[in-house]
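Contents: one structure, followed by commentary.
The values are calculated or read from the model by the stated rules, or taken from the named source; none is laboratory data. It should be emphasised that the depicted structure is a prediction, and the values quoted were computed from it without experimental measurement. Neighbour counts run over all protein chains shown; Cβ positions are idealised from the backbone, glycine included.
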Amino acid sequence: MKKLFPILAVLGLAMTACAGPSADDFRKRDVQGNTACIHFGSGYTDHGSVGLTNISKAAEHGLASSTESIRNAVSTDGDGKPVIADQAAFKKACEQQGMSFK
């Protein structure tokens, strides 16, 4: 029994570590808009397909943000897809949260 207890303790700790929120869960619940700003920063400097994808993700996360200045810079297109309507306002809102873009 003494040999079994440490193994059970390690297994119990391993199981609780696996039960934590995933990175995807964090991004979905990131109501301050930090994920939106990170995606925006990646897309702001890259004008290729990866940059466009990141700008699209920034718009998606920005629309769900509780930060009003980020949310107000996003609108939806004719298909209902989120788009950044005002990049300058979005950038400024992210900078107000401590992000910096070059």
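Worth pointing out:
- Set side by side, the residues Ala58, Ala89, Ala73, Ala93 differ, and just one is surrounded by 14 or more Cβ atoms within 10 Å (Cβ to Cβ) and either more than 13 Å from Phe40 (Cβ to Cβ) or touching a residue at least 40 places away in the same chain (Cβ under 8 Å) (or both), which is Ala93.
- The criterion of at least 1 residues that are in contact with a Gly (Cβ under 8 Å, 6 or more places away or on another chain) and at pLDDT below 95 is met by the following helices (runs of 4 or more DSSP H) wholly inside the chain: 34-45, 49-63, 68-72, 87-96.
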